Amino acid sequence: MPSRILTLLFVTNFTLILGFSIVFPLLPFYAREFGATIFEISLIFAAFPLMQFIFSPLWGKVSDNVGRKPIMLISLFGSAISFILYGFAGSYLNLLMVRIIHGIVSSAGFATVHAAGADISTKEDRAKTMATIGAAFSLAIAFGPAIGGIFSSISIQFPFFISAVVAFINLIFVYKFVPETIKEKTKKLEIFKGFVLLRVHSALKSNLTSVYLMSSVSYLSFAIVGVAYPLFALSKFDFGPVEVGFVFAGLGFSAAITQGFFVGRATEKFGEAKVIRTGLIFMMVSLGAVSFVINPILSGGVLIFMSIGTALINPSVNSYISKHSKEQGVALGTVNSFGSLSRFIGPLVVGTVYQIYGPTTTFLATTVVIGIGYLISLKIK
């Protein structure tokens, strides 16, 4: 039964992320059609994780009380509507408002799928379960950007409507096939305890502080990839949505292979902490070198090391946290919030630094920050 449910969660997470990843690399180009500056493009990226930072612990708390499945359904329905609204945005301000709405509803799905995976796994196979769910994420990232890039040749809005269809199909799939995974729901819904500032305060006083902080640092890579790399590739290699989409596809495939074949075995042999530290080293090497590469194909190849790094880190972090927490929905929602805070701050800082100092300084500064994350990771037992 757990194996069957894990397969269903794999499909659910794949489809959930597929809709998101189809449009993700198109956002800088879409925002530029409305005359957005680099900072305004960064704001588009920052708004989404800010909402996730605020609402992920709330959704996690609610899912501990009412179950994982209802929250997944709410997330998928809200995401489908959001994708439709993206296509009809018509202005930068409308695009920003839709991005905020999408961040609120999507945070429900991202947190509860991982919490459902924790529900059906034992401590011994927790890392494998998280890696499997993470592989679905990476595989979706592999296919989504390529699909979005290809169909953007019809119009820049068309891929958003494809994502809406994908979300509606996933909604039906979850409703009909995915069972409820939580065995013992919390009897009392203490929604106040799910507010993010309280969760962050509690997290920083817990035995998982180093994991939360390190995870925040690792998520900075998304800011680099999402904001800086498309702009860097456009100016240096004249890349458009199609080319950027295929670069993201390569990153997704490398991450999926890493999570599908290596993470579970690596954590069994070496433990989560060592795997996390190895992932951070991969990220530092990649982001430190990418701006110095003069060949467009090699540029994408260098970024693969970053993708492998995040593929090693994220499921290992989720596994470690779920092993050391009593309320898994809240704990995984909290780590998602820390990552979201990093993805909120990251694009704003990246956009500002990129606009003033250029890509080389931006990538090198992020490498230093990830190095700080490595030092923090040394405290993880």
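The values are calculated or read from the model by the stated rules, or taken from the named source; none is laboratory data. If you're wondering where the values come from, they're calculated on a predicted model, not measured in any experiment. Cβ sites come from the backbone with ideal geometry, for glycine too, and all protein chains shown count toward neighbours.
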Discussion item. Given the options Val302, Val275, Val293, name the one that is crowded, with 18+ Cβ neighbours inside 10 Å, farther than 24 Å from Ile376 by Cβ and in contact with a Ser or Thr (Cβ under 6 Å, 6 or more places away or on another chain).
Written reply: Val302
Worksheet item: How many residues, within segment 244-258, are of a type in the set (Phe, Trp, Tyr) and closer than 16 Å to Asn13 by Cα?
Response: 1
Item to complete: Go through segment 349-381 and count every residue that is at pLDDT 85 or above, of a type in the set (Val, Ile, Thr) and surrounded by fewer than 23 Cβ atoms within 10 Å (Cβ to Cβ).
Response: 9
Worksheet entry | Selection from segment 108-118 of residues that are modelled with pLDDT of 85 or more and within 16 Å of Val66 (Cβ to Cβ) | Ala108, Gly109, Thr112, Val113, Ala116
Fill in: Identity of the residue in segment 182-207, part of a loop (DSSP other than H, G, I, E, B) and either touching a Gly at 6+ places or on another chain (Cβ under 8 Å) or buried (at least 22 other Cβ atoms within 10 Å of the Cβ) (or both), that ends up modelled with the lowest pLDDT
Lys185
Practice prompt. Considering only segment 280-290, state which residues are within 20 Å of Phe239 (Cα to Cα) and either of a type in the set (Ser, Thr, Tyr) or surrounded by fewer than 19 Cβ atoms within 10 Å (Cβ to Cβ) (or both).
Written response: Ser286, Ala289
Discussion item. Suppose we keep only residues that are outside any helix (DSSP H, G or I) and touching a residue at least 12 places away in the same chain (Cβ under 8 Å) within segment 126-165. Which one would you say is nearest to Val62 (Cα to Cα)?
Written reply: Gln157
Worksheet item: Looking at this structure, is Ala255 at pLDDT 80 or above and under 25 Å from Thr112 (Cβ atoms)?
Response: yes
Worksheet item: Do we find a residue being within 25 Å of Asn336 (Cβ to Cβ), of a type in the set (A, V, I, L, M, F, W, C) and modelled with pLDDT of 85 or more anywhere in segment 288-296?
Response: no
Worksheet entry | Residue list for segment 237-272, restricted to those being in contact (Cβ under 8 Å) with a residue 40 or more places away in the chain, over 22 Å from the mean Cα position of the chain (by Cα) and over 30 Å from Asp125 (Cβ atoms) | Phe237, Phe239, Gly240
Item to complete: Filter segment 152-163 for residues that are within 10 Å of Val23 (Cα to Cα) and either more than 22 Å from the chain's Cα centre (by Cα) or at pLDDT below 85 (or both) and give the result.
Response: Ser152, Ile156, Gln157, Phe158
Worksheet, complete the sentence: Exactly one of Ser63, Ser75 is without any contact (Cβ under 8 Å) to a residue 60 or more places away in the chain and in contact with a Gly (Cβ under 6 Å, 6 or more places away or on another chain), and that one is Ser75
Worksheet item: Here are some conditions: (1) under 23 Å from Leu171 (Cβ atoms); (2) surrounded by 24 or more Cβ atoms within 10 Å (Cβ to Cβ); (3) touching a His at 6+ places or on another chain (Cβ under 8 Å). Ala116 meets all but one. Which one does it not meet?
Response: (3)
Practice prompt. Output yes when any residue across segment 72-83 is crowded, with 23+ Cβ neighbours inside 10 Å and of a type in the set (Val, Ile, Thr), and no when none is.
Written response: no
Fill in: Failed item, numbered, when Thr12 is tested on (1) at pLDDT 90 or above; (2) farther than 20 Å from Ser138 by Cβ; (3) under 22 Å from the mean Cα position of the chain (by Cα)
(2)
Item to complete: Would you list the helices (runs of 4 or more DSSP H) that sit entirely within segment 253-345 and hold 1 or more residues that are among the charged types (D, E, K, R) and under 28 Å from Ile100 (Cα atoms)?
Response: none
Worksheet item: If you go through segment 33-40 one residue at a time, do you hit one that is assigned to a helix (DSSP H, G or I) and either of a type in the set (Val, Ile, Thr) or crowded, with 23+ Cβ neighbours inside 10 Å (or both)?
Response: yes
Item to complete: Name every residue in segment 148-165 that is under 12 Å from Gly240 (Cβ atoms), among the hydrophobic types (A, V, I, L, M, F, W, C) and surrounded by 17 or more Cβ atoms within 10 Å (Cβ to Cβ), in order of residue number.
Response: Ile156
Worksheet item: Can Arg32 be described as free of Cβ contacts under 8 Å to residues at least 60 places away in the same chain, among the charged types (D, E, K, R) and farther than 20 Å from Arg99 by Cβ?
Response: no
